[in-house]
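The values are calculated or read from the model by the stated rules, or taken from the named source; none is laboratory data. Not measured: the values here are computed from a predicted model. Here the Cβ positions follow ideal geometry from the backbone for every residue, glycine too, while neighbour counts run over all protein chains shown. Note: accessible area is taken over every heavy atom of the protein model, side chains too, but ligands, DNA and RNA are not part of it. Shrake-Rupley method; radii C 1.70, N 1.55, O 1.52, S 1.80 Å.
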Amino acid sequence: MTVFRYMSLEEFNLLKSGKTLENHTNHSKGHKTSSRGFCFFDEDDCSPVYAFEFLEGIISNEVCVRFEVDKKLLTESWGIYADPCYENWFDSITMTEWCCESYNNKDFRILDYKYLREEE
């Protein structure tokens with residue numbers, strides 16, 4: 001499956017260097033998500049451009065990376081976000097997320113990436 005993730009330059013540089021990244025955070029505080037660890041979106045569900053509309057301000061957005069990955073390495077979950085097309089201030093959407101508690105560039109093959117901020 002093809003997934004994407006917004007991330008910091010630090011995370012991207014560690015990933016490119018071959019490190020296995022780990023994140024065991026339970027994001028379900030406040031009951032706005034069921035995700036644990038790193039979160040990805042399936043490109044078949046939404047585009048990176050659309051996702052940026054509801055993720056901006058809550059994610060590290062220095063780099064957007066697209067990956068090819070075996071679906072078996074991910075856990076399906078969900079997250080509730082502000083609706084980017086809202087008519088009411090409190091409108092929300094529920095998006096399918098795919099998460100894992102560790103990943104690397106061997107299992108998650110980088111297809112391409114885009115820097116959204118100046119490289120340091």
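Numbers for the structure displayed
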quantity: Between region 3-54 and region 72-118, the alpha-carbon center distance in angstrom; calculated: 5
quantity: Cβ-Cβ FRET estimate between SER60 and ASN88, R0 fixed at 22 Å, reported to 0.05; calculated: 0.15
quantity: Portion, in percent, of the accessible area of the chain that falls on carbon or sulfur, probe 1.4 Å; calculated: 46
quantity: Alpha-carbon radius of gyration plus Dmax, which is the widest Cα pair, for the chain in Å; calculated: 14.1, 44
quantity: For region 81-120: rounded, prolate or oblate by the Cα gyration tensor [a/c cutoff 1.5]; calculated: oblate
quantity: Calculated FRET efficiency for the pair PHE52/ASN104, C-beta based, R₀ 22 Å, to 0.05; calculated: 0.35
quantity: Cross-link reach list, aspartates and glutamates versus LYS19, counting only Cα pairs under 17 Å and skipping chain neighbours closer than eight places; calculated: GLU10, GLU11, GLU101, ASP107
quantity: Accessible area in square angstrom per residue, the chain, 1.4 angstrom probe; calculated: 62
quantity: Residue-averaged [θ]222 nm for the chain, counting only DSSP H segments that reach four residues, each worth -39500 (n - 2.57); calculated: -3500 deg cm²/dmol
quantity: Extension gain (nm, one decimal) between TRP78 and GLU22, 0.36 nm per residue minus Cα-Cα; calculated: 18.2 nm
